[in-house]
Amino acid sequence: MPIARDPYALSPGTPLEEALTFSDVLLVPQRSSIASRKQVDLAGRFSRRITLKTPIVSANMDTVTEADMAVAMAQCGGLGVIHRFLTIEEEASQVNKVKRAQSVVIEEPYTLSPTDTIAGAQELMRRWRVGGLLVVDGKRKLLGVVTHRDTQFETDGSKPITSVMSRKLVTAKPGIASSEAERLLRKHKVEKLPLVGPGGILKGLITSRDLRMKALNPNASLDKKGRLLVGAAVGVIGDYLERSAALLEAGADVLVVDVAHGHADHVLDAVEKIKKRWPDAEVVAGNVATYDGAKDLIEAGADGVKVGVGPGATCSTRIVTGSGVPQLSAVMDCARVTKEFNVPICADGGIRDSGDITKALAGGASCVMLGSLLAGTEESPGWTVVRGGVKHKVYRGMASLTATMSKKRKESGTVDFLGAEISEVVPEGVETTVPYRGDALEVVGQIAGGVRSGFSYSGARTLSELWKRAKFVRITAAGWSESKPHALDR
Ligand code: XMP
């Protein structure tokens, strides 16, 4: 009986399916009516219900995304996914930090009680990174506000904060329009506008900083309450349901079920379980490299699929295991699910330049995930090192030896490891350093500018136009060498 074969399967005499990656192709320039990059709308989806004005997502890696990066990414219209090599509490607290970083109304502002000391208030302001705190009694009746300015010249930290807090407050009722709140803040030259209900009970807070941030970042990715969007990664074994619950409770807008080989029964099972328990939660799952993998994840309930097996800058999966599909072909194959199921795919890994993003999007992705391009920014949690007199930041694969050991340490709560435990790890990633690149907002701004230009070369104003118009041409190694700046080679 003949055996049905899939296109990638090899049998004697069958020509091998060829797969390509970004530097194997270029996009053919086409007649364009676009006069300026500003006319291009880059919006693309990360999941069924999450659309990003800047379709760039920072990787859930421990040297790429914690709260600072996620805040910056959401401010510029993208998204950050908090990595999962943290305890459940730590990961939920990172999500919480992002949710508190910017909002129209802070529903549960940080507060002090009248018995707190000046030193205690200073410590909390430092820890929570806020310039002032509201003081409430046991029934949450608003008593006053204490700011950094009130405490900084006080030499006796043991005094109660009631001795320095200001009691004369400008307040407003909950539900005030943001334009009116802005007018009051400006008129009274104050930075905080507490919202109080009947009996003087604290109901929320509007800050001038939040209003400024909103004006500064018109493209920001926001939830319904005006807070920055944030994603959070979960695994598929052990405490993943407990972790999912904590992350959703902390306000995560999307859970990212992330494992190296996402086309596996236990991954499909985990996605199904999460969606069954939280049908309204957005869940993106991966990573896969084939249409079948993407389809199976969607049928298990995924609202978005992450595509990429082994293309990343710190990945050694393909070398260690021999598995993977060159990324552009993987994206093009998986992208068929977007047409079929209306579920977006995210091209994850292997992106070296903005041109690769345009190619990934043109190949059918709705957004991209970046690791190495963002690892050198100020906001990444990777630590700084100096190499050859130049500032660098550490960037490591999540399956590298050091990242794996750090995860094991978290899980076991110990700092010591026996050689035997180390020798059990088979790393599929490496650790390296990348040059320091400054602020993520600027880096993403530059990258997005390049992608906008990329759209215009194909005459596309939107992603759906790019999908229709883009034409790839295959190039040779000489063509790729010609594509890179080469004046300096001689
Ligand atoms: P880039 O190229 O943007 O890739 O740095 C980021 C993506 O790489 C994946 N990743 C890994 N893949 N071993 C792997 O095979 C690893 O240790 C590893 N760590 C991260 C991941 O998909 C990430 O988003």
Original post:
Pairing the Cα long axis of helix 240-250 with the longest principal axis of the chain, what angle in degrees results, from 0 to 90 and rounded to the nearest 10?
Top reply: 50 degrees
Subject >> Alpha carbon centroid spacing (whole Å) that separates segment 397-413 from segment 426-490 >> reply: 31 Å
Subject >> Listed residue (Ile176, Val234, Cys76) projecting farthest to the positive dipole end of the chain, Cβ model >> reply: Ile176
**OP:** Normalising by the residue count of segment 33-166, find the relative contact order in percent from Cα pairs under 8 Å and 6+ residues apart.
**Re:** 15 percent
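At a Förster distance of 22 Å, what's the computed FRET efficiency of Arg318 paired with Asn342, Cβ-Cβ distance as r, to 0.05?
About 0.10, to the nearest 0.05.
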Original post:
Just how far, in whole angstrom, is segment 203-279 from segment 152-188 if you go by their alpha carbon centroids?
Top reply: 32 Å
Subject >> Where chymotrypsin sites (Phe, Trp or Tyr not before Pro) in DSSP loops with at most 14 other Cβ within 10 Å are excluded, longest remaining stretch of the chain >> reply: 154-382
**OP:** For the chain, report the translational diffusion coefficient in µm²/s to the nearest whole number, using Stokes-Einstein at 4 °C, 1.567 mPa s, and a Kirkwood Rh over Cα pairs.
**Re:** 53 µm²/s
Original post:
Among Ile298, Ile34, Ile56, Ile274, which comes first, second and so on when ranked by fewest other beta-carbon atoms within 10 Å?
Top reply: Ile34, Ile298, Ile274, Ile56
**OP:** List the relative contact order of the chain as a percent without decimals, with contacts defined as Cα pairs under 8 Å and 6+ residues apart.
**Re:** 21 percent
Original post:
Can you put Thr358, Thr432, Thr384 in order, fewest other beta carbons within 10 Å first?
Top reply: Thr384, Thr432, Thr358
Subject >> Centre separation in Å (Cα based) which lies between segment 308-350 and segment 67-118 >> reply: 31 Å
Subject >> Cβ-placed point charges (K, R +1; D, E -1), dipole of the chain about Cα centre in debye, nearest 20 >> reply: 2220 debye
**OP:** Quick one: order Lys410, Lys393 by neighbouring beta-carbon count within 10 Å, fewest to most.
**Re:** Lys410, Lys393
Original post:
What do the square roots of 5 times the Cα gyration tensor eigenvalues come to for segment 111-211, in whole Å, largest first, as semi-axes of the equivalent ellipsoid?
Top reply: 24, 15, 11
Subject >> Inter-label distance, nm, simple model (7 Å from Cα along the C-beta direction), Lys141/Thr115 >> reply: 1.7 nm
**OP:** Just list whichever of Lys273/Lys468; Lys173/Lys225; Lys38/Lys192; Lys139/Lys168 have alpha carbons separated by over 26 Å in the model shown.
**Re:** Lys273/Lys468; Lys38/Lys192
Original post:
What net charge is computed for the residues neighbouring Glu18, neighbours being all others with C-beta under 10 Å from the C-beta of Glu18, Lys and Arg scored +1, Asp and Glu -1?
Top reply: -1
Subject >> Options Gly454, Gly312, Gly286, ranked by Cα towards positive dipole end of the chain, top entry (Cβ charges) >> reply: Gly454
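Kindly identify segment 342-421 as rounded, prolate or oblate by the Cα gyration tensor criterion: order the square roots of the eigenvalues as a ≥ b ≥ c, call it rounded if a/c is under 1.5, otherwise compare a/b with b/c, prolate if a/b is larger, else oblate.
oblate
Only the coordinates and a few stated rules stand behind these numbers; no lab work does. Since we're looking at a predicted model, the values are computed, not measured. With ideal geometry, Cβ positions are generated from the backbone for all residues, glycine too; neighbour counts draw on all protein chains shown.
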